[in-house]
Amino acid sequence: MNIENVCKVYKTKNDEVKALDNVSYEFKPRKLYAIMGHSGSGKSTLISILGLIENYTSGKITINNEDISKLKDNDLSDLRMKYIGFVFQDFYLDEHLKAYENVMLPMLINKNIKKSERKEKAIKLLTELGLSERINHYPKEMSGGEQQRVAIARSLANDPEIILADEPTGNLDETNEKLVFETLKDLAKNGKCVIVVTHSEEIKNYADEVLKINKGVLEV
Amino acid sequence: MNIKDYLWILKSRFFEKRNIVLLIVLFFTFLAILITLTFFYITNYITHNNLSSPLSLNIYVYVEDQIINDELIKEMEATNHVIYATNLKSSLSIFNPQSQENIELKPLLDEAETTIKKGRIIENSLEAICPNKFYPDDFRDTLNSNNYIKGNKVIGKTLNINNQTFKIVGTYDAKKIRNSANECYISENDFKSLPNAIDTDILTVKVDKIENRREVAREISKLGFERIEGNIIDTNYNLMYTGLLISLVVLIISFALIYNFIKKKIRYRLTTYGILKVSGYQNKEIFKIDLLENIILSTICFLAALLIFILVYTLIINNLTIFDDMIYTNQIDLNINYFYVLLSYVICIIMIVIATKYLTSKFLNVSIHHMLKEE
């Protein structure tokens with residue numbers, strides 16, 4: 001994924017806030033990137049734009065050499081399905097669905113995954129992430145760390161090339177934090193491009209590259 | 001995605017707390033719509049069958065300072081659109097103290113007035129035709145539908161009129177011409193022989209069509225008659241308009257309620273929809289999920305409302321004794337009209353579709369980032 005001179009400006013009634021200021025970078029597979037910065041530095045805005053869930057004011061973003069700037073909403077949805085998996089600080093699991101059902105949810109729109117394969121694939125992903133005993137459990141029956149790993153499994157449902165994680169350990173204790181970072185590191189080793197936004201210094205033990213962002217400017 | 005996939009997503013959500021509230025709101029809304037549209041149907045029926053203000057084809061001409069004779073009658077009958085003119089009274093009340101029967105007798109001046117249902121028309125003297133659902137009483141007591149004499153049992157019955165025995169030779173459709181259940185016809189000559197049969201002051205003029213009454217009244221007034229009476233005003237649509245207005249108000253309020261609750265439901269689900277969009281779901285897929293859920297909930301509520309409506313409505317209609325005194329009840333069709341039931345369902349679904357479409361478009365067209373922050 002390549003971003004060139006990306007700017008994001010929020011306009012308020014009386015003012016303009018530049019959340020991102022000419023950010024350029026090339027993110028490659030098989031690497032774990034950590035984006036770090038103070039609150040309000042623009043890191044969440046950056047990862048939202050990378051995840052195609054937030055618009056940007058100017059600049060260019062390409063994924064596999066495809067310029068996404070002129071794509072419409074439906075096309076962006078397709079791109080997210082194919083290339084991007086997202087993990088959030090608040091997990092955002094569906095409380096009405098069991099663990100494997102949460103993982104299956106993104107597969108429903110993927111025509112490349114047959115209906116008969118969905119459950120099996122979901123169970124396999126959960127097992128690989130050490131959750132074989134939580135397959136039939138609801139989110140409220142799991143710890144924070146387990147829920148976050150279910151969320152990671154969900155992000156992998158359609159086998160995307162890019163995994164984005166926005167403060168994935170923000171609500172977790174130290175032990176679970178390490179577990180999650182290890183999981184993300186393994187994903188990078190297995191060929192994914194993993195980009196993590198975090199406050200935690202612990203990430204430095206896992207990241208291949210650490211990027212700092214300050215007042216919307218990416219310091220490489 | 002196919003419909004099974006949509007149902008799979010929905011299966012665990014149907015009995016969410018918010019859906020229970022929505023179910024209750026929809027139930028009462030749909031019940032209100034059913035009641036209102038039925039009310040509209042009844043008012044519409046009454047208006048278009050002229051039951052609220054029965055329109056008569058008769059015009060009554062007050063003849064003052066003149067003798068009613070054959071010449072005058074012929075002059076009236078020469079007027080365009082006049083079927084006949086007569087100085088016979090329109091009816092006479094005949095009470096038989098022995099049988100306690102009270103009959104309203106009318107002269108049969110125009111055979112086309114009556115549609116014979118059983119038997120035959122009057123051909124001879126001392127013959128009569130009576131309603132196919134005959135009730136020879138004065139309605140002082142509550143009219144009991146079990147006391148009607150119906151169909152073939154009417155024919156052959158005798159009526160004692162002015163110490164003469166008349167035989168009923170046929171029955172006619174009283175409902176069609178809005179006659180009472182005790183109004184019988186005898187021949188013009190038989191009627192004339194009855195005491196007080198002739199009116200000395202009033203000529204009854206029968207017009208061929210409702211819409212020609214005004215013109216006939218105008219022509220008669222040109223002949224020098226100033227006092228002409230009869231229900232010459234046009235169909236009174238006030239009742240129908242009232243029904244229509246109430247229906248529209250109920251529909252608007254219903255739509256507002258449905259819109260409001262669907263809006264709350266979508267707002268509550270915004271984070272969930274945000275995650276679906278992050279996973280690659282398009283807006284149309286999320287709209288379909290929401291729409292399917294709302295249609296299923298609506299159908300369940302509609303059926304429940306319909307069941308309650310049928311039970312209550314049937315209970316009310318079967319126990320309404322006030323109608324027993326109204327001789328026109330057999331003219332108002334009070335059975336549930338299932339076309340209007342279907343129409344109610346269609347209207348409900350249309351409202352659901354419009355509200356869901358508009359609201360999902362509105363809420364899903366913000367950035368996903370904002371959707372996820374909406375908690």
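Take the Cα gyration tensor of the protein assembly as shown, multiply each eigenvalue by 5, square-root it, and list the three semi-axes largest first, rounded to whole angstrom.
87, 26, 17
Please list the non-local residues whose amide H lies under 5 Å from the amide H of A:Gly59, H modeled 1.01 Å from N, same-chain partners needing a gap of 5 or more.
Residues meeting the criterion, in which the H sits 1.01 Å from N, are A:Cys7.
What residue among B:Lys11, B:Lys265, B:Lys133 shows peak mean-square fluctuation when chain B is described by a Gaussian network model with Cα springs under 10 Å?
Evaluated over chain B, the most mobile residue of the options is B:Lys11.
Just the Cα atoms of segment B:58-229, one point each, no solvent: what log10 I(q)/I(0) does Debye give at q = 0.11, 0.20 Å⁻¹?
Reported log10 I(q)/I(0), two decimals: -0.50, -1.27.
Using a 7 Å offset from Cα along Cα-Cβ at B:Tyr338, what residues in segment B:13-41 end up with backbone N under 17 Å from the label point?
B:38
Over its Cα atoms, what ratio of radius of gyration to 2.2 N^0.38 Å does segment A:97-158 give?
Here the Cα radius of gyration is 1.01 times the empirical estimate.
5 Å is the cut-off here: which amide hydrogens, built 1.01 Å from N in the peptide plane, fall below it relative to A:Leu211, excluding neighbours closer than 5 in sequence?
A:Ala34, A:Ile35, A:Met36
Treating the Cα atoms of segment A:1-42 as identical point scatterers in vacuum, please give the log10 of the normalised Debye intensity I(q)/I(0) at q = 0.17, 0.33 Å⁻¹, two decimals.
Summing over Cα pairs of segment A:1-42 leads to -0.61, -1.12.
List, in order, the whole-Hz ³J(HN,Hα) value for each residue of segment A:152-165 obtained from phi through the Karplus relation with A = 6.51, B = -1.76, C = 1.60 and θ = phi - 60°; use x for Gly and Pro.
Along segment A:152-165, the couplings run 5, 4, 4, 5, 8, 3, 9, 6, x, 8, 10, 10, 10, 10 Hz.
Which trypsin sites (Lys or Arg not before Pro) in segment A:51-82 pass both tests, a DSSP loop state and at most 15 other beta-carbon atoms within 10 Å?
A:Lys70, A:Lys72
Hey, what angle do you get for helix B:338-364 against the long axis of chain B, alpha-carbon based, 0 to 90 degrees rounded to 10?
So the inclination is approximately 30 degrees.
What's the longest uninterrupted piece of chain A once you rule out the GluC sites (Glu not before Pro) that are loop residues per DSSP with at most 15 other Cβ within 10 Å?
A:1-94
With a Cα-only, solvent-free Debye model of chain B, what are the log10 I(q)/I(0) values at q = 0.06, 0.09, 0.12 Å⁻¹?
With one equal scatterer per Cα and no solvent, log10 I(q)/I(0) is -0.43, -0.70, -0.95.
Residue-wise, which Karplus ³J(HN,Hα) couplings in Hz belong to segment B:122-135, taking 6.51 cos²θ - 1.76 cosθ + 1.60, θ = phi - 60°, and x for glycine or proline?
5, 10, 10, 6, 6, 10, 9, 10, 10, x, 5, 10, 9, 9
So what is the relative contact order of chain B, in percent, for Cα pairs below 8 Å that sit 6 or more residues apart?
Relative CO of chain B lands at 28 percent.
Could you please tell me the mean projected area of the C-alpha convex hull for segment A:99-220, averaged over all directions and given in square nanometres to one decimal?
Numbers: hull surface 33.8 nm².
Projected area, direction-averaged: 8.5 nm².
Report the charge-dipole magnitude of the protein assembly as shown in Debye, nearest 20, computed about the Cα centre from +1 at each Lys and Arg Cβ and -1 at each Asp and Glu Cβ.
Value, rounded to 20: 2400 debye.
Mind jotting down a quarter of the surface of the convex hull over the alpha carbons of segment A:20-116, in square nanometres, one decimal?
Over every viewing direction, the Cα hull of segment A:20-116 projects on average to 8.4 nm².
Given contacts defined as C-alpha pairs under 8 Å and at least six residues apart, what's the relative contact order of chain A, whole-number percent? Don't skip to the end; give the middle numbers.
On the way: 421 pairs, mean separation 71.4, N = 220.
Across chain A, relative contact order equals 32 percent.
Whole percent per 10 Å bin, from 0 to the bin with the longest distance: what is P(r) over all C-alpha pairs of segment A:131-175?
24, 51, 25, 0
Find out how many positive minus negative residues lie around A:His137, taking Lys and Arg as positive, Asp and Glu as negative, among other residues whose Cβ is under 10 Å from that of A:His137.
Taking every Cβ under 10 Å from that of A:His137, the sum is 0.
What is the sum of charges around B:Ile122, taking Lys and Arg as +1, Asp and Glu as -1, for the other residues whose C-beta is under 9 Å from the C-beta of B:Ile122?
Details: positive: B:Arg120; negative: B:Glu111, B:Glu123, B:Glu127, B:Asp190.
That sum, taken over residues with Cβ under 9 Å, equals -3.
Determine ³J(HN,Hα), in whole Hz, for all residues of segment A:172-178 in sequence, where each value follows from phi through the Karplus function 6.51 cos²θ - 1.76 cosθ + 1.60 and θ = phi - 60°; x replaces Gly and Pro.
Coupling constants for segment A:172-178: 10, 7, 4, 5, 5, 4, 4 Hz.
Looking at chain A only, what percent of DSSP beta bridges run antiparallel? Nearest 5 please.
45
Hey, fewest Cβ within 10 Å first, where do B:Val278, B:Val250, A:Val210 land in order?
A:Val210, B:Val250, B:Val278
B:Val25: net charge of surrounding residues, Cβ under 11 Å, Lys/Arg +1, Asp/Glu -1, itself excluded? Before the final figure, lay out the partial values.
Working: positive: B:Arg18, B:Lys264, B:Lys265; negative: none.
Result for the neighbourhood of B:Val25: +3.
Might you list the cysteines of the protein assembly as shown that have no disulfide-compatible partner by the rule of another cysteine's Cβ under 4.7 Å?
Taking the Cβ cut-off of 4.7 Å, the unpaired cysteines of the protein assembly as shown are A:Cys7, A:Cys193, B:Cys301, B:Cys348.
Quick one: which residues, 5+ away or cross-chain, put their amide H under 5 Å from the amide H of B:Asp199? H built at 1.01 Å from N.
B:Leu88, B:Lys89
How large is the direction-averaged shadow of the alpha-carbon convex hull of segment A:2-219, in nm²?
That works out to 12.4 nm², a quarter of the Cα hull's surface.
How about segment B:184-285: which GluC sites (Glu not before Pro) there lie in a loop by DSSP and see at most 13 other Cβ atoms within 10 Å?
B:Glu226
Read-outs throughout are calculated quantities, based only on the coordinates presented, and are distinct from any laboratory measurement. Keep in mind that what you see is a predicted model, and the values were worked out from it rather than measured. With ideal geometry, Cβ positions are generated from the backbone for all residues, glycine too; neighbour counts draw on all protein chains shown.
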